[in-house]
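Have a look at the structure below, then the notes.
The values are calculated or read from the model by the stated rules, or taken from the named source; none is laboratory data. Just so it is clear, the structure is predicted and the values come from calculations on it, not from any experiment. All Cβ positions, glycine included, derive from the backbone under ideal geometry; neighbour counts span all protein chains shown.
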Amino acid sequence: MDLQLKDLSHAYDETEVLKDINFSLPSGQIVCLIGPSGCGKSTLLRFMGGLERPTSGDVLQIGEPPADSLNPLTYIFQDFALLPWRTVEGNISLVLEDHGIRGTAATSIIDDVLIRTKLIDFKNALPKQLSGGMKQRVAIARALAVKPACLLMDEPLSALDSQTRELLMEDLIDLWMKEKYTACYVTHNLNEAVRLGHKVIVLSRRPGTIREIVTLDIPLEERLANPAALQEQQQYLWSLMREEAEAADKELGHV
Amino acid sequence: MSDKINKTTSPSVPYRGGGFSPRPAKIVAPVLFALIFSLWETGSRLGWISPLILPAPSEAAQALIELFNSGQLFLHLSASLQRLIVGWICGSLLGISFGLAAGLFTLARGGIVPLVAAIFPIPKIALLPLFIIWFGIGEESKIATILFGTFFPTVIAVYGGVDNVDRGLIRMGQSFNLSWWSIVRKIILPGALPAILSGFRISASIGIILLVAAEMIGAEYGIGAYILLAGNLMAMDQLLAGVAILSVLGLIVSWLIGRAEKYFLRWRL
């Protein structure tokens, strides 16, 4: 299943937030969205999963999602969004219960995703007992449990310290190597974008438009071995964003 | 920088980080209570406090023992507890449903919130005669008073609690396609539970206050009736015994809610 954004524009009252956004999210690829703060990249992600409606334009699903996908468009949030009163297991079972998956069927899915995210020993822990990185891994496990056709990740590593971020990024790359998932990855961290993205979409400041779509050709697994090329790409992205970021920083909030 | 550290000319950095963190100290309360009661008792024994103004604690205790021995304590307590429990449970259930409605639906919020704001501040005791006309002099009017009094604080606590549920969690529920009812049951209600339980603390105390007020009219048994009778007879020792029962009742309720909080909110930090 591919996602296609067509002529998407959005405005809150008088403020134009996004304008004429067109791009597609081909299956099996990670597309990174970067842009200065307030450019509407998180809003764009909310349109892609149907949590918000754009004023004009459309997000199209091209092709059927796989039949076994319980929740084709699945989010991973910056603040993890785990229920603090449920254990690791309970948080994952939450998203299965509504599909009528309980008992042994649920346990086998839960065990499977917890093994894939290396969390199986923490099945009965409460979120407050876990570190930030572990919490985000629980959220990733929860997302995997519903077999998404497309992962929508809203700055998933931004709330974590840099060491944890590095570890989790390696996990995300490993996972992609194994499962070739489709993802839209919103970030303001250029390094994350050049490490994870097959395509990087650079948005301009408000009203957000697509400034450039950069395609990164180095395979994901070879990127760490190619620091010079990575650095070059990152520099290039920064040169695209620098002025926008500077200008966006000086804007007054509109709240 | 000199090599030799000179203590007299280089003072240590002054400590400024203390205070603002009171710790629980279990010993303080019993000591304080014992001190107050022993002062009061010695004051009465030595004649500094006239028994007409304030009887000694031992006399109040004596009255309590007499009440127990006569078998009346059980009658009074069971009558009062029955009213309190029925009134409080009905008021809380209604309050939770109305509070939830106000927290979830625009139309309900528009109606319920101003209504609650208008009626909550009315002392329910003032409405007691009205309830007597509506429901008769028997149990119904007393229960109605308690029900009415506990309903409003519960509504306020519940809809405040629902408002404070993390919107991110609700959005997460929607993003995983949870049904509306699942989101209410599994995300909103548990998320509002801390506020609901602290609302219970307030509503239970209001319930006890209203219980006594309601029992002052047309009640044969009940702690309130006992206190009123003692007051009319100027039997200050009995009056104090009744007040002590109420105070213990309040302590028990608060302890029970504390236990409930410990159990239901053990997921909190």
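Restricting attention to region B:183-193 and to residues that are within 10 Å of chain A (Cβ to nearest Cβ) and touching a helix residue (DSSP H, G or I) at 6+ places or on another chain (Cβ under 7 Å), the residue that is farthest from B:F264 (Cα to Cα) turns out to be B:I183.
All conditions in (1) more than 31 Å from the chain's Cα centre (by Cα); (2) closer than 18 Å to B:V243 by Cβ; (3) assigned to a helix (DSSP H, G or I); (4) not aliphatic (A, V, I, L, M) hold for B:P51, with the sole exception of (3). Scan region B:19-32 and give yes if some residue there is within 20 Å of B:I245 (Cα to Cα) and either part of a loop (DSSP other than H, G, I, E, B) or of a type in the set (A, V, I, L, M, F, W, C) (or both), otherwise no. Yes, because at least one residue in region B:19-32 is within 20 Å of B:I245 (Cα to Cα) and either part of a loop (DSSP other than H, G, I, E, B) or of a type in the set (A, V, I, L, M, F, W, C) (or both).
Among the residues of region B:238-256, those that are crowded, with 16+ Cβ neighbours inside 10 Å and either touching a residue at least 40 places away in the same chain (Cβ under 8 Å) or among the acidic types (D, E) (or both) comprise B:Q238, B:L240, B:A241, B:I245, B:L249, B:V253.
Cβ separations smaller than 9 Å between residues 6+ apart or across chains give the following pairs from region A:210-232 residues that are assigned to a loop (DSSP other than H, G, I, E, B) to residues that are charged (D, E, K, R): A:L216/A:K199; A:L216/A:R223; A:R223/A:R195; A:L224/A:E170; A:L224/A:R195. Each residue in region A:56-81 was checked for being surrounded by fewer than 19 Cβ atoms within 10 Å (Cβ to Cβ) and part of a strand (DSSP E or B), and 6 pass. All told, A:A247 meets the bar of being touching a residue at least 24 places away in the same chain (Cβ under 8 Å), farther than 30 Å from A:V146 by Cα and part of a helix (DSSP H, G or I). Put simply, of A:E52, A:E64 the only residue that is over 23 Å from B:M172 (Cα atoms) and either touching a Cys at 6+ places or on another chain (Cβ under 8 Å) or not basic (K, R) (or both) is A:E64. Scanning region A:198-221 for residues that are touching a helix residue (DSSP H, G or I) at 6+ places or on another chain (Cβ under 9 Å), charged (D, E, K, R) and over 16 Å from A:G40 (Cα atoms) yields one hit, A:E221. Restricted to region B:167-212, and to residues there that are among the small types (G, A, S) and under 16 Å from the mean Cα position of the chain (by Cα), the residue that is farthest from B:A79 (Cα to Cα) is B:A195.
Note on region A:21-55: among residues that are over 29 Å from A:H99 (Cβ atoms) and loosely packed, with under 14 Cβ neighbours inside 10 Å, the one that is farthest from the other protein chains (Cβ to nearest Cβ) is A:N22.
Of all residues in region A:212-223, exactly one satisfies the criterion of being more than 24 Å from A:F23 (Cα to Cα) and surrounded by 12 or more Cβ atoms within 10 Å (Cβ to Cβ), namely A:R223. Of the candidates B:S141, B:S92, the single residue that is among the hydroxyl-bearing types (S, T, Y) and at pLDDT 95 or above is B:S92.
With the condition kept exactly as written, say whether any residue in region A:64-75 is farther than 30 Å from A:K19 by Cβ, modelled with pLDDT under 90, more than 14 Å from chain B (Cβ to nearest Cβ) and touching a helix residue (DSSP H, G or I) at 6+ places or on another chain (Cβ under 6 Å). No, every residue in region A:64-75 fails to be farther than 30 Å from A:K19 by Cβ, modelled with pLDDT under 90, more than 14 Å from chain B (Cβ to nearest Cβ) and touching a helix residue (DSSP H, G or I) at 6+ places or on another chain (Cβ under 6 Å). Does region A:39-47 contain any residue that is assigned by TED's automatic domain parsing to the domain that holds A:T187 and touching a Pro at 6+ places or on another chain (Cβ under 6 Å)? For region A:39-47, residues assigned by TED's automatic domain parsing to the domain that holds A:T187 and touching a Pro at 6+ places or on another chain (Cβ under 6 Å): present.
Identify the residue in region B:257-269 that is touching a residue at least 60 places away in the same chain (Cβ under 8 Å) and either closer than 27 Å to B:F68 by Cα or part of a helix (DSSP H, G or I) (or both) and, among all such residues, is nearest to the other protein chains (Cβ to nearest Cβ). The selected residue is B:F264.
Here A:Q61 meets the list (1) within 30 Å of A:Y12 (Cα to Cα); (2) within 14 Å of another protein chain (Cβ to nearest Cβ); (3) within 18 Å of the chain's Cα centre (by Cα) almost entirely, failing just condition (2).
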